[in-house]
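Following: one structure in structure tokens, then a few remarks.
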Amino acid sequence: MKLFEGLARYQPQALGALRIMTALQFIEHGSQKLFNFPISAEPHALTGLTTAAAILEFAGGILLALGLFTRPVAFLLAGEMAIAYFVAHMPRDFFPVNNGGDAAISFCFIFLYLILAGPGAFALDNRRSA
């Protein structure tokens with residue numbers, strides 16, 4: 001459709017915005033586990049696996065927000081989200097809407113997309129390759 005064909009020129013900026021907004025949400029998950037910020041009614045008990053997840057989410061989210069090492073970081077985070085889904089969510093119930101795994105699935109597939117598509121605009125990775 002002609003109306004939308006001109007929008008293709010904004011793909012790098014849209015990809016960059018997707019990366020940044022996803023990263024900011026991911027940082028929030030890590031900071032809540034590590035620092036209980038934003039404050040949670042049910043703070044996470046930091047076990048070995050939860051601590052590893054929290055560090056990956058916080059540090060990986062910061063790297064993604066900056067667009068630094070985007071593809072390898074996205075690869076690690078996609079794996080973390082796949083593990084989180086199958087270890088923490090799927091045992092509760094088969095359906096993601098019932099087991100609370102919607103976000104884990106969405107994060108996983110966005111990170112898989114970033115592995116293939118790269119960081120888009122507004123990324124420090126773009127400065128390293130120039």
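One table, with the values for the structure above:
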item: Any pair with Cβ under 7 angstrom, 6 or more apart, that starts in the range 1-17 at a residue that is more than 22 Å from GLY61 (Cα to Cα) and ends at one that is modelled with pLDDT under 95 and not aromatic (Phe, Trp, Tyr); result: none
item: Residue count for the range 45-78, restricted to those that are assigned to a helix (DSSP H, G or I) and either in contact with a His (Cβ under 7 Å, 6 or more places away or on another chain) or under 22 Å from ALA17 (Cα atoms) (or both); result: 21
item: Single unsatisfied condition, PRO119 versus (1) part of a loop (DSSP other than H, G, I, E, B); (2) free of Cβ contacts under 8 Å to residues at least 60 places away in the same chain; (3) buried (at least 18 other Cβ atoms within 10 Å of the Cβ); result: (2)
item: Close pairs (8 angstrom Cβ cut-off, 6 or more residues apart or separate chains): on the phi > 0 side of the Ramachandran plot and surrounded by 15 or more Cβ atoms within 10 Å (Cβ to Cβ) in the range 65-93, of a type in the set (Phe, Trp, Tyr) and not in a helix (DSSP H, G or I) anywhere; result: GLY67/PHE122
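The values are calculated or read from the model by the stated rules, or taken from the named source; none is laboratory data. Worth saying up front: this structure is predicted, and the values here are computed from it rather than measured. Virtual Cβ from ideal backbone geometry, glycine too; neighbours counted across all protein chains shown.
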